[in-house]
There are 2 protein chains.
Amino acid sequence: MDKILRVDMSRLEARAEPLPPEYERFGGRALIARILLNEVSPECEPLGPHNKLIFAPGLLGGTNVSSANRLSVGGKSPLTGGVKEANAGGNGARDIARLGYKAVIVEGKPADSRLYILYLAHGRVELIPADDWRGMGTYATSTRAKERWGEGCSVISIGPAGEMLMRGAGIVITGHEEQVSRLAARGGLGALMGSKGLKAVVLDSSGAPALPLADPELFRKASSAFAKALLDNPRTGRTGSMHLYGTSGILKIVNEIGTLPTRSFREGSFEKAAEISGENLRETVLRRGGKIGTPCMPGCVIACCNEFVDEGGQTIVATLQYETLGLLGSNLGLGSLDDVARLNRMCNDLGLDSIETGAALGVAAEAGLARFGDVESFLALLREVAAGSPLGRVIGNGAVTTGRVYGVLRVPAVKGQAIPAYDPRSLKGNGVTYATSPQGADHTAGNAFGARNEVDPLAVEGQCAVSLKLQLGAAMLDSTGLCLFARPPVYSDPQLMVDMINGRYGWGWTVQDLEEFNKSVLRMELEFNRLAGFTKADDRLPEYMLEEPLPPHNSVFDVPASEMDAIFSGL
Amino acid sequence: MDKILRVDMSRLEARAEPLPPEYERFGGRALIARILLNEVSPECEPLGPHNKLIFAPGLLGGTNVSSANRLSVGGKSPLTGGVKEANAGGNGARDIARLGYKAVIVEGKPADSRLYILYLAHGRVELIPADDWRGMGTYATSTRAKERWGEGCSVISIGPAGEMLMRGAGIVITGHEEQVSRLAARGGLGALMGSKGLKAVVLDSSGAPALPLADPELFRKASSAFAKALLDNPRTGRTGSMHLYGTSGILKIVNEIGTLPTRSFREGSFEKAAEISGENLRETVLRRGGKIGTPCMPGCVIACCNEFVDEGGQTIVATLQYETLGLLGSNLGLGSLDDVARLNRMCNDLGLDSIETGAALGVAAEAGLARFGDVESFLALLREVAAGSPLGRVIGNGAVTTGRVYGVLRVPAVKGQAIPAYDPRSLKGNGVTYATSPQGADHTAGNAFGARNEVDPLAVEGQCAVSLKLQLGAAMLDSTGLCLFARPPVYSDPQLMVDMINGRYGWGWTVQDLEEFNKSVLRMELEFNRLAGFTKADDRLPEYMLEEPLPPHNSVFDVPASEMDAIFSGL
């Protein structure tokens, strides 16, 4: 990882260059923020030639540290207009790291509107015309690429949504075995990739040398302790909810505490929650002969994924996740795993963020374009997206555009990005994160669901402190490549993370250095957003969430703006 | 004008209240800015209950000063999200002023989604249910209102576009005789009126007492001198271009200097400019038996309007204006007055801003949804707007939304509002105004076309100084109710304006006081926008205008951002 790959789509040239020293101590989300600040005008048109699309493994990417191979993807967001990092599991980070790239930076824009595939293997870099791949769904794209370049390669692709520059489009990354649809979903990065004329990046890291370790003993000791801690943890271990039920394990509790988005955020609990719960998901999958408890990347000891199959045992989607069950399930009044899975598969194939699209479909239902509880009405809207019809393009551009076009004011979004599956009126810490995160509304930026024993989710006080702590933690996870699920050991013992980093790089970091690093990530992102024109006025939840009580607690979001405005004052 | 009418659409109550002293010395645009700062949260949802729709005659409204009865309409803009004032001729300002109202402030929002008409006459204020007016075009609305309330009343209405909360919707005001479609067009104020459930305001000022004059002699002397100066001026007098050709008199020169938007701002001159010129307009109208040189409001000595009729002498539109000829003509590749007039009539009837809609149609053509030069393809798109189809709603929401939905990056807009009919690459002073005006891209905020003898339109230097001077002048005109056409006498002799104000109110203003007043207007607007979240990053032209050379001069917009960022530093 001592080089950067620069892909100039204007000249259709790709060349490796030595890693600039100022990028050396960054990775993943942190590196994206650094590159954006150094190289991209915060005022640029996100889909124009001056924006850059960046793929960056985290600091621990490419190693055998459990759960540490999430791939960060970033750029100036076509959805929010601000800094953007979205990350996904799968094999993309491992392969980019093993090929020796600290980051792949895609620049410029083809003069024509042709499509290309970037093929990267050990000692090979090729840009291949791919016009005949146009319009292909991501499933077919991944399959075709693997047929052509080998089963062992990884495929990072966009679907028709990204090609059509829809700002709800994400980037799809293949992973371990049946896990072919891991999404770097948020912020419209699929549209950014589409604007670069890039249909796919195909990676083959076979034959690449292992990554060097500065202190192999320290590294092995720390990473083993980390893996053991994960396995010993009652939540991430083999008998833990995360392994048994995956992300959907929380749905029942989210519903119980009244924060499960239901019928476009009109209610916080759903009468059919049990039917889309992690428990029912596990039971259904096992009964039908699908898989439960598989990893999305090799070597992950948590192994939280599922392969959701239909009654006949055919895969519909892998993995069916909590946010999708919330946004495409309860949020649309749908209490059937099969309904959600069908919608999810279409989103994956189109290359659409299921959160953004679920929220947009909810807004569409508010506008009378579909009916809550009627899956066919929502499938019909996704078929419009596939067809690129006017209505489909509206939906594909996300919740805010859908609300704008139809005059719907109940749009669950911050900084243009849809709110995930925790209603901030009854989980107010998440409200603070949604409002203040430089990423826009994003649960992965600092999810207070896990901190509800620290602070009452309905209380006003203490939410900013909790959110800040979680936002700093998330910055660390996203910059090292770690999955959110793998946080318990490094949150309780940051030295473990420091040792893994020092073992890998020999930087001699202390816990304080790590904490400073985490802060620097938020500082860089806030600076980029400031230069892009964001102000405190953008750090607000939608007006209706401050005024419309959410059943069953009939709570509104009432953390004072003045408190939120001060959240980063100590950075 | 010693009272304010507050119309509470939540409670369906309207009540007059004494004029608050702090509003006393404001009028029109200035009063709107003051009310917004005092009463409306800059962070509010523009179409929600906390925004206010304000109708405010200028300081000279209701008097017999020539050309001084433009009606300012304002609120937080649904299109830009910032401060908004748009004004129009016609009889609205005269009637509101004569009924004694300094402003009509519409607040709240009906709990149901019913429509209402506000009827104001001497001693009468009524809110009348108007659900059976839903979906009516503005022509039919005005006609029906006059049938019901008398030919002498004025009608301020929205069309289907405003009812459907389209952010390209304006507000239509009836005027003198055949001038039934004067638009306070910009910034989506029609959507704001629609969000209040207000289909129309009907005004009957008959029987109302004349407005008091503090110093009748001074007033009469100054207003007579002003009218005489207008008549003596070679441009506004009876042999002047403004009277003979109206606003369209400039089209030929705009084309000659290469700044006429052509085919979605791809070129600055149009091969069929002569056919849509003021000269041909005059000749055509006179030949067909239409009218030329009529006023939009009684008593205007300039009388710049036309009644454009078809070959059979039937009115198509009155008045056909320059900006419309640019945006719905050359911008769409249409070189036929009849084509433009047909599109214009549809816009008027739907209640759509012809600038915003023309720009949106140009973007739509870029997206392949219509063909430059093919009027039927554009009429078809306007029929989609009328039908409220997905595509129609996209177009009706303006250029930025159309570009966003279709992934078109060449969108001529600033702060979300479409650029009028002077391409800023070859009239750079207007580029500065578009970029920096708190109103968003708006030629009436400071049009450098008239200042091209002061500074070369293609030069980089001097544009900010010219723009600032013009923006201050425009603030004065918009706050006193004066038409832009009536500016020469008061620009060359500000004492004339001071005397008219002192004659009316007895404030003892000096020219310095007036200049301070003008500055205060911009200061208030900038402050509202700052609180709404605007920054220097919003004071930018679209990226492509900085890079794509505009024929025939092959110029780009290259006034440095740093210069523009300092434009208001002396305020």
## Note on the structure
Within the stretch B:558-567, of all residues that are of a type outside the set (A, V, I, L, M) and either more than 14 Å from chain A (Cβ to nearest Cβ) or not in a loop (DSSP other than H, G, I, E, B) (or both), the one farthest from the chain's Cα centre (by Cα) is B:Ser562
#### Entry: Residue in the stretch B:66-73 that is within 14 Å of B:Met297 (Cα to Cα), among the charged types (D, E, K, R) and crowded, with 24+ Cβ neighbours inside 10 Å present
yes
### Task
Inspect the stretch A:462-475 for any residue being on the phi < 0 side of the Ramachandran plot and outside any helix (DSSP H, G or I) and give the result as yes or no.
no
### Task
Within the stretch B:401-440, track down each residue that is farther than 24 Å from B:His553 by Cβ, among the basic types (Lys, Arg) and either part of a helix (DSSP H, G or I) or free of Cβ contacts under 8 Å to residues at least 40 places away in the same chain (or both).
B:Arg404
### Query
When you scan the stretch A:272-384 for strands (runs of 3 or more DSSP E) that lie fully inside it, which ones turn up with 2 or more residues that are in contact with a Ser or Thr (Cβ under 7 Å, 6 or more places away or on another chain)?
A:305-309
### Message
If B:Glu85 meets every condition in (1) in a helix (DSSP H, G or I); (2) surrounded by 20 or more Cβ atoms within 10 Å (Cβ to Cβ) apart from one, which number is that one?
### Response
(1)
### Summary
The one condition B:Leu409 fails out of (1) at positive phi; (2) surrounded by fewer than 21 Cβ atoms within 10 Å (Cβ to Cβ); (3) in contact with an Asp or Glu (Cβ under 7 Å, 6 or more places away or on another chain) is (1)
### Task
Give the residues of the stretch B:203-218 that are assigned to a loop (DSSP other than H, G, I, E, B) and more than 28 Å from the chain's Cα centre (by Cα), sorted by residue number.
B:Gly207, B:Pro209, B:Pro212, B:Leu213, B:Ala214, B:Asp215
### Task
Please enumerate the residues belonging to the stretch B:137-193 that are assigned to a helix (DSSP H, G or I), of a type outside the set (Asp, Glu) and within 14 Å of chain A (Cβ to nearest Cβ).
B:Pro160, B:Ala161, B:Gly162, B:Gly188, B:Gly190, B:Ala191, B:Leu192, B:Met193
### Summary
The correct count of residues that are farther than 14 Å from B:Met193 by Cβ and not in a loop (DSSP other than H, G, I, E, B) in the stretch B:43-61 is 2
### Message
Checking A:Pro42 against (1) away from every other protein chain (no Cβ under 14 Å); (2) within 24 Å of the chain's Cα centre (by Cα); (3) not charged (D, E, K, R), only one condition comes out false. Which one?
### Response
(1)
### Query
Regarding A:Leu59, is this residue crowded, with 24+ Cβ neighbours inside 10 Å and more than 14 Å from chain B (Cβ to nearest Cβ)?
yes
### Task
Return a yes/no flag: does the stretch A:423-435 have any residue that is within 14 Å of chain B (Cβ to nearest Cβ) and either crowded, with 24+ Cβ neighbours inside 10 Å or over 16 Å from the mean Cα position of the chain (by Cα) (or both).
yes
### Query
Could you list, in sequence order, the residues of the stretch A:81-127 that are farther than 17 Å from A:Asp204 by Cα and in contact with a Phe, Trp or Tyr (Cβ under 9 Å, 6 or more places away or on another chain)?
A:Gly81, A:Gly82, A:Val83, A:Ile105, A:Val106, A:Pro110, A:Leu115
### Message
I'd like to check something: does the stretch B:221-231 contain any residue that is of a type in the set (D, E, K, R), under 28 Å from B:Tyr101 (Cα atoms) and touching a Leu at 6+ places or on another chain (Cβ under 6 Å)?
### Response
no
### Query
Looking at B:Ala200, B:Ala169, which one is within 21 Å of B:Ala360 (Cα to Cα), surrounded by 24 or more Cβ atoms within 10 Å (Cβ to Cβ) and among the hydrophobic types (A, V, I, L, M, F, W, C)?
B:Ala169
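Quick grid of which residues meet (1) surrounded by fewer than 21 Cβ atoms within 10 Å (Cβ to Cβ); (2) within 25 Å of the chain's Cα centre (by Cα); (3) modelled with pLDDT of 95 or more:
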| position | (1), (2), (3) |
| --- | --- |
| A:Met500 | no, yes, yes |
| A:Val511 | yes, no, yes |
| A:Leu522 | no, yes, yes |
| A:Thr535 | yes, yes, yes |
| A:Arg540 | yes, yes, yes |
| A:Leu571 | yes, yes, no |
### Query
Inside the stretch B:542-555, can you point out the residues that are within 8 Å of chain A (Cβ to nearest Cβ) and either surrounded by fewer than 17 Cβ atoms within 10 Å (Cβ to Cβ) or part of a loop (DSSP other than H, G, I, E, B) (or both)?
B:Pro542
### Message
Which residue is nearest to B:Val400 (Cα to Cα), if the candidates are limited to the stretch A:392-408 and must be within 9 Å of chain B (Cβ to nearest Cβ) and in contact with a Pro (Cβ under 8 Å, 6 or more places away or on another chain)?
### Response
A:Val405
### Query
Is at least one residue of the stretch A:354-367 surrounded by fewer than 24 Cβ atoms within 10 Å (Cβ to Cβ), within 14 Å of another protein chain (Cβ to nearest Cβ) and at pLDDT 95 or above?
yes
### Task
Could you name every one of the helices (runs of 4 or more DSSP H) located completely within the stretch A:477-541 that has at least 2 residues being more than 14 Å from chain B (Cβ to nearest Cβ) and within 30 Å of B:Pro46 (Cβ to Cβ)?
none
### Query
Say we look at the stretch B:258-312 and pick out the residues that are farther than 14 Å from B:Gly329 by Cα and among the aliphatic types (A, V, I, L, M); which of these is surrounded by the fewest Cβ atoms within 10 Å (Cβ to Cβ)?
B:Leu286
### Task
State yes or no: is B:Glu454 without any contact (Cβ under 8 Å) to a residue 12 or more places away in the chain, away from every other protein chain (no Cβ under 14 Å) and either under 19 Å from B:Ala537 (Cα atoms) or out of contact with any Leu (no Cβ under 6 Å at 6 or more places or on another chain) (or both)?
no
### Task
Count, please, the residues in the stretch A:379-400 that happen to be in contact (Cβ under 8 Å) with a residue 60 or more places away in the chain and either out of contact with any strand residue (DSSP E or B) (no Cβ under 8 Å at 6 or more places or on another chain) or under 19 Å from B:Ala387 (Cβ atoms) (or both).
5
### Task
Could you look through the stretch B:45-56, keep only residues that are within 14 Å of another protein chain (Cβ to nearest Cβ) and in contact (Cβ under 8 Å) with a residue 12 or more places away in the chain, and pick out the one that is surrounded by the fewest Cβ atoms within 10 Å (Cβ to Cβ)?
B:Gly48
#### Entry: Criterion violated by A:Asn348 - all others in (1) at negative phi; (2) within 13 Å of chain B (Cβ to nearest Cβ); (3) of a type outside the set (A, V, I, L, M, F, W, C) satisfied
(2)
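The values are calculated or read from the model by the stated rules, or taken from the named source; none is laboratory data. None of the values given here were measured: they were computed from a predicted structure. Cβ atoms come from the backbone with ideal geometry, glycine included; neighbour counts cover every protein chain shown.
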